[in-house]
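Worksheet: one structure, shown below.
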């Protein structure tokens with residue numbers, strides 16, 4: 001098979017496997033949209049638009065500002081948001097984008113929970129980039145606007161029956177979230193320094209490699225704002241416990257059984273790491289810097305483009321390449337959600353719909369644009385020939401800096417239930433960082 005066709009076939013198969021890996025029932029069919037979209041919002045906002053009439057949404061949004069709260073830790077993603085979405089919102093819809101950068105999404109979650117406690121009916125957040133435990137917290141608190149996600153025009157391009165999409169860390173998204181993009185945990189190496197046949201292909205092999213090359217490897221400290229470090233530790237947990245599926249629903253006894261072995265594994269690894277594990281990179285940018293300065297031999301990425309966007313930004317060498325272990329490389333979707341007390345739901349809906357436009361979905365894959373995450377839509381649902389060709393061409397352009405899509409498929413597993421997030425992060429801090 002020609003390489004470009006193999007890449008495209010691999011991506012389509014990845015979409016199918018994302019559904020299969022969750023091992024959960026398909027999403028129930030949505031109810032018909034209500035005539036008035038704002039039924040659960042403050043009464044003053046209720047007459048602003050009818051979600052069943054998209055023209056009324058556009059009319060209500062025109063001339064307004066939309067406050068989008070997003071993780072601000074990547075300058076290239078910030079620039080992508082401002083350039084692509086900011087310009088399109090202004091030129092097409094007369095909407096001003098106000099991107100509000102967050103050190104961690106939990107900051108916005110805490111703000112919304114505080115507003116609920118204070119009885120604030122109209123807050124300041126219109127849209128949030130969100131997933132995982134942050135979504136679970138706001139869903140439980142009933143602080144998310146409901147009944148909208150499948151009602152935008154581009155919702156028809158989403159595979160809502162895909163359990164990996166319909167379940168966010170095991171929690172049904174219902175109509176509280178709309179997908180933006182997809183991602184999968186990967187490692188990065190420099191082919192000028194290490195050959196592909198020398199690469200570790202499991203967490204156990206990573207530990208062995210680190211101890212055979214003391215100080216040349218490390219990982220990000222798990223914790224808020226550093227989900228990549230948490231994901232690394234979860235992958236090790238999946239591997240040593242013999243499977244990822246069992247972690248899809250919370251089981252305290254299962255955690256109590258395996259947590260001590262996880263900490264023992266990581267503590268044994270610690271002496272072999274960069275600076276003998278006395279300190280860990282705080283985020284991906286610090287790890288990229290250590291990698292680029294040749295202090296360590298591996299970095300990480302979540303991007304479907306692999307190392308491509310990092311190369312474009314000058315953050316890693318041009319000879320950087322992405323790779324995966326043979327199994328237990330966590331992949332998922334990320335989403336946007338509208339707070340129940342959001343002041344400008346119409347503009348938030350327009351922005352959420354814009355994120356799913358095929359032209360922007362294609363743009364987000366390309367490394368030169370600085371985002372580099374995978375599609376939130378299903379290419380097979382795109383009927384327009386020009387749009388479909390655009391999406392297929394983008395995947396073909398990824399080049400050698402990206403992980404082979406077949407390798408991605410073979411290594412893919414779904415993330416664990418949200419309750420494990422804090423157990424992993426706090427447990428790691430107490431048992432690995434502070435003391436053995």
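None of the figures in this text is laboratory data; all of them are computed from the coordinates on show. Keep in mind it's a predicted model, so treat the numbers as computed, not measured. Methodologically, a virtual Cβ is constructed for each residue, glycine included, from the backbone with ideal geometry; neighbour enumeration extends over all protein chains shown.
Rounded, prolate or oblate: which one fits segment 234-372, using the alpha carbon gyration tensor with axes a ≥ b ≥ c (rounded when a/c is under 1.5, else prolate when a/b beats b/c, else oblate)?
Oblate is the answer for segment 234-372, as a/c is 1.5 or above yet b/c matches or exceeds a/b.
I want to verify a result. In a Gaussian network model of the chain, Cα cutoff 10 Å, which of these has the top mean-square fluctuation: 91, 59, 198?
Top of the fluctuation ranking is 198.
Can you quote the Å³ per residue value for the convex hull of the Cα atoms in segment 160-318, rounded to an integer?
139 Å³
Can you give me the relative contact order of segment 94-211 as a percent, contacts being Cα pairs under 8 Å and 6 or more apart?
Relative contact order comes out at 19 percent.
Just the C-alpha atoms of segment 262-310: what Rg/Rh do they give, with Rh taken as the Kirkwood radius?
Radius of gyration over Kirkwood radius for segment 262-310 works out to 1.03.
Sorted from largest down, what three extents in whole angstroms do the Cα atoms of segment 71-195 have along their principal axes?
In descending order, the Cα extents are 58, 37, 32 Å.
Determine, for 332, 55, 407, the number of other Cβ atoms within 10 Å of each Cβ, and report the residues in order from fewest to most.
The most exposed by this proxy come first: 55, 407, 332.
Taking the beta-carbon count within 10 Å as an exposure proxy, list 258, 68 from fewest neighbours to most.
By the 10 Å Cβ count, ascending, the order reads 258, 68.
Could you tell me the relative contact order of the chain? Use alpha-carbon pairs under 8 Å, at least six residues apart, and round to a whole percent.
Once divided by the residue count of the chain, the mean separation gives 27 percent.
Any idea what angle helix 203-212 forms with the longest principal axis of the chain, computed on alpha-carbon atoms, 0 to 90 degrees, nearest 10?
The angle comes out at about 40 degrees.
Name the most mobile residue of 76, 422, 181, meaning the one with the largest mean-square fluctuation, in a Gaussian network model of the chain with Cα contacts below 10 Å.
Answer for the Gaussian network model of the chain: 422.
Taking Cα pairs under 8 Å and at least six residues apart, what relative contact order does segment 286-436 come out at, in percent?
32 percent
Would you compute the Debye intensity of the chain from its alpha-carbon atoms alone, equal scatterers and no solvent, and pass along log10 I(q)/I(0) at q = 0.06, 0.13, 0.14 Å⁻¹ to two decimals?
Each listed q corresponds, in turn, to -0.24, -1.17, -1.35.
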